Amino acid sequence: MALDAEGTNVAARAGQNGQEPRCDHIDLLPAVEPGKRECVQCLALGRPWTRLLMCLTCGWVACSDKSHGGHARAHYQETDHPVAAALEPRSAWRWCYVHRRTV
């Protein structure tokens, strides 16, 4: 039996057709609207950003790890809000910081 880092049976949580195990954090997210479409921290430092992410718990918008600041990850570290989404039109990309994978 394969176990994850928390000791949970991975096969019991597996997605359909061999997909990644389902992330329980997705089920707990409220519906939120994004804040300003800019990274406030990067603006304050006079730095550009590469990609913006939105926190799916509170709507906070910050730059991704591909930018100099990595402010979206810093937001997770400060708040424990687990999932962020790409703030791009028609993108379904979401990242769970707890599981360290796309969901």
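Only the coordinates and a few stated rules stand behind these numbers; no lab work does. Source: prediction; values computed, not measured. Neighbour counts are summed over all protein chains in view; Cβ atoms, including those assigned to glycine, are modelled from backbone coordinates with ideal geometry.
Brief remarks follow.
- Each label was represented as a point 7 Å from its Cα along the Cα-to-Cβ direction; for Glu78 and Arg101 these points are 2.9 nm apart.
- Taking other residues whose beta carbon is less than 14 angstrom from the beta carbon of Leu52, and scoring Lys, Arg as +1 and Asp, Glu as -1, yields +4.
- Placing pseudo-labels 7 Å out from each Cα toward the beta carbon at Val32 and Ala44 gives an inter-label distance of 1.8 nm.
- Taking the average, over residues, of other Cβ atoms within 10 Å as the packing measure, peptides 35-47, 56-68 rank 56-68, 35-47 from highest down.
- Amide hydrogen neighbours beyond the local backbone of Trp93, cut-off 5 Å, H modeled: Ala86
- For the pair segment 77-93 and segment 22-45, the centres of their Cα atoms are 5 angstrom apart.
- 3J(HN,Hα) from dihedral phi, segment 79-96, Karplus parametrisation 6.51/-1.76/1.60, rounded to Hz, x for glycine, proline: 10, 6, 6, x, 10, 10, 10, 5, 9, 10, x, 6, 8, 10, 5, 9, 10, 9
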